[in-house]
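Below is one structure; the comments refer to it alone.
The values are calculated or read from the model by the stated rules, or taken from the named source; none is laboratory data. A quick note: this is a predicted structure, and the numbers were derived from the prediction, not measured. Don't worry about glycine lacking a Cβ; one is built from the backbone with ideal geometry, like all the others, and counts go over all protein chains shown. Accessible surface areas use protein heavy atoms only, side chains included; no ligands, DNA or RNA. Shrake-Rupley method; radii C 1.70, N 1.55, O 1.52, S 1.80 Å.
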Amino acid sequence: MSLKDQFGKDVLLTGWGHSKFGKLTDETLESLIVQVSTEAIQNSGLEPQDIDEIYLGQFNSGMQPLGFTSSLALQLSEDLANVPATRTENACASGSAAFQQGVKAVLAGTARNVLVIGAEKMTDAGADVVGAALLGASYEMAGKPSTTGFTGLFAEVAKHYEKRYGTGMEGPGFAGGLSDILGSIAAKNHHNGMDNPYAQMHRDLGEEFCRTVSEKNPMVAEPLRRTDCSPVSDGAAAVVLSLGPASGAATEPVRLAGFGHANDFFPAERRDPTEFAATRVSWERALAMAGVGIEGLDFAEVHDCFTIAELIMYEAMGLTPRGEGSRAVQEGWVYKDGKLPINVSGGLKAKGHPVGATGVSQHVIAAMQLTGTAGAMQLPNARRGAVQNMGGVGIANYVSVLEAV
């Protein structure tokens, strides 16, 4: 079974664009959207007049005064006049929400070529505004003051996880248990980010620094240190979805083999904080549609907004049983030379996390891997990979399985 078996048609990623991530003081939200959209359309071999529909993923939540952004992509060409354009919002999964809406438009037959964009401009706002905006994705904390913001919410997840599973995480080289495991995940992703030209952070900090609380790596919300947290970022990415490739495309296309989406209950009291149950369901749905198991993947880009999220993701995706995610780190499975490399891009941790852009960025990075165009990030013989993007604390969950053609 595959997406084509189920729906009778292929959905292809035929072109993509990606901006640098970071504090982009010389860019605006509009300029970033135009930049990546232009690049994606050109690389697809299409012209602007070939685009039938546009979806823009952007969270915003007050980080930018402009709250009506769906038509910004039209600025790149007069030929986009009257093209339907819609902004999607699902917290930090807004980009993947846009991607899946674009997929459904192609599957429905209402569009042959869809431009999907993810974009966010966060650094124009002060830290207090950004913190309050992100807390808008919390049922309990929206509109309330907080000194630790969303870090505090994931710190609670880490505390629950350590209380339940902590004794199983200590081992040779990991005497500090969960703290050392999280430090190793951070160090892995910083190391990987060195090979990503789009990444916000190009610093190979090493395990000792990432595991140690210091003046340069303070505790933000125990047990999460600064190196356990993704940074505030600006950036954008775009991809063109098509029924078939166009002549003149810059690369071979990439096939969408399966996708999944699942939302969990919003109140924390209705969720097991260590399970990410709906995240697991989104993985199961995507893999089932693609007709593959976790062993059929060559790599994955997952949502590591905080290192504890990546650790739990190993379990939600089925790489390890619940409570045993630390094995994937201790035994080297998730490193670049391991059996399932995770976040070769550096992940949100090093690449940056402009929240609306993240999901589309993950799809672009995966497409680059599958077409052999990932440069220094490139894995050998990458034929199938997965993308996982999450909004809130495991609330809105999206997974895509992509294949080389």
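Listed by chain and number, the aspartates and glutamates placed with their C-alpha closer than 13 angstrom to that of K121 are D26, E27, E30, D234; residues fewer than eight positions away on the same chain are left out. Cross-link partners for K336 among the lysines, with Cα-Cα distance under 18 Å and sequence neighbours closer than 8 places in the same chain left out: K188, K349, K351. Using R0 = 41 Å, the C-beta based FRET efficiency linking D272 and K216 works out to 0.75. Under a 5 Å amide H cut-off, with hydrogens placed 1.01 Å from N, T86 pairs with I54, Y55, L56 among residues at least 5 apart or on other chains.
Here H202 and T28 are evaluated by their C-beta separation; at R0 = 25 Å the FRET efficiency comes out at 0.55.
For the stretch 156-210, which GluC sites (Glu not before Pro) pass both filters: DSSP loop (anything but H, G, I, E, B) and at most 16 other C-beta atoms within 10 Å? Counting only loop positions with at most 16 other Cβ atoms within 10 Å, the GluC sites (Glu not before Pro) in the stretch 156-210 are E170.
Near the amide H of N343, within less than 5 Å, lie the amide hydrogens of A300, E301, V302, all on another chain or at least 5 residues away, with H placed in the peptide plane. Measuring nothing but alpha carbons in the chain and taking Rh as the Kirkwood radius, the Rg to Rh ratio lands at 0.95.
Largest GNM mean-square fluctuation across V393, V213, V240, computed for the chain with C-alpha springs under 10 Å, falls on V213. DSSP H helices in the chain with Cα extent of 18 Å or more along the helix axis and mean Kyte-Doolittle hydropathy at least 0.5? Result, helices passing both filters: 94-108, 355-370.
The calculated FRET efficiency for A175 paired with D79, based on their beta-carbon distance and R0 = 51 Å, is about 0.25. With coordinates expressed along the principal axes, the C-alpha atoms belonging to the stretch 269-372 extend over 40, 31, 29 Å, beginning with the largest. Extending 7 Å from the Cα toward the beta-carbon at both S70 and Q101 defines two label points whose distance is 0.7 nm. Highest average first, the peptides 366-379, 304-317 ordered by how many other beta carbon atoms sit within 10 Å of their residues are 304-317, 366-379.
Per-residue ellipticity at 222 nm, computed for the chain from helices alone with -39500 (n - 2.57) per DSSP H run of at least four residues, works out to -10000 deg cm²/dmol.
Under 13 Å from the 7 Å Cα→Cβ point of A288, by amide nitrogen: which residues of the stretch 252-276? The answer is 259-262.
Solvent-accessible surface of the chain, averaged per residue with a 1.4 angstrom probe and all protein chains in place: 37 square angstrom. Protection proxy ranking of 260-270, 322-332, 219-229, by the mean of other Cβ atoms within 10 Å over each peptide's residues and highest first, is 219-229, 322-332, 260-270. Packing, as the average of other Cβ atoms within 10 Å across residues, places the peptides 397-404, 132-139 in the order 397-404, 132-139, highest first. Expressed as a whole percent, the accessible area of the chain that falls on carbon and sulfur atoms is 50 (1.4 Å probe).
The phi-based Karplus calculation (6.51 cos²θ - 1.76 cosθ + 1.60; θ = phi - 60°) puts the 3J(HN,Hα) values of the stretch 73-80 at 5, 5, 5, 7, 7, 4, 6, 8 Hz, whole numbers, x for Gly and Pro. Between E252 and K4, the simple spin-label model (points 7 angstrom out along Cα→Cβ) gives 1.3 nm.
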